[in-house]
Amino acid sequence: MMKLASVRSVCFTICIVSIVVGLLLGLAMIWDVVQDSALAWKAFMTIGLFFIASTLTLTVVHQLGDDER
């Protein structure tokens, strides 16, 4: 089993990358660099799902980490 600290690091990295990529995609859609299409919205929603899943995993790992101390 992976150590909880490494799981936290991976999830935190995914959250940060999701925020940055989501910001860039959102700005690209606002400035019409990327056309407003179904593909762009699916990519945007996929990034959001990665962020939500990582945040929920961080919450669970935080709860599990409290028991190990």
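Only the coordinates and a few stated rules stand behind these numbers; no lab work does. Please read these numbers as outputs of a predicted model, since none were measured by experiment. We place every Cβ from the backbone using ideal geometry, glycine too, and count neighbours over all the protein chains shown.
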Spacing of the two label points (7 Å from each Cα toward its C-beta) at Phe44 and Ile30, in nm = 1.1
What list of ³J(HN,Hα) couplings, whole Hz, do you get for the range 45-61 from phi and the Karplus terms 6.51, -1.76, 1.60, once you set θ to phi - 60° and write x for glycine and proline?
-> 5, 5, 4, x, 5, 4, 5, 5, 5, 5, 5, 5, 5, 4, 5, 5, 5
Long-range amide H partners of Val34, meaning residues 5 or more apart or on another chain whose placed amide H is closer than 5 Å, are Met29
Which of the peptides 33-40, 6-13 is most tightly packed, and how do the rest follow, judged by the mean count of other Cβ atoms within 10 Å per residue?
-> 6-13, 33-40
What is the magnitude of the charge dipole of the chain about its Cα centre, with +1 placed on the Cβ of each Lys and Arg, -1 on the Cβ of each Asp and Glu, and no other charges, expressed in debye to the nearest 20?
-> 160
Report, largest value first, the span of the C-alpha coordinates of the chain along each principal axis, in whole Å.
-> 50, 17, 16
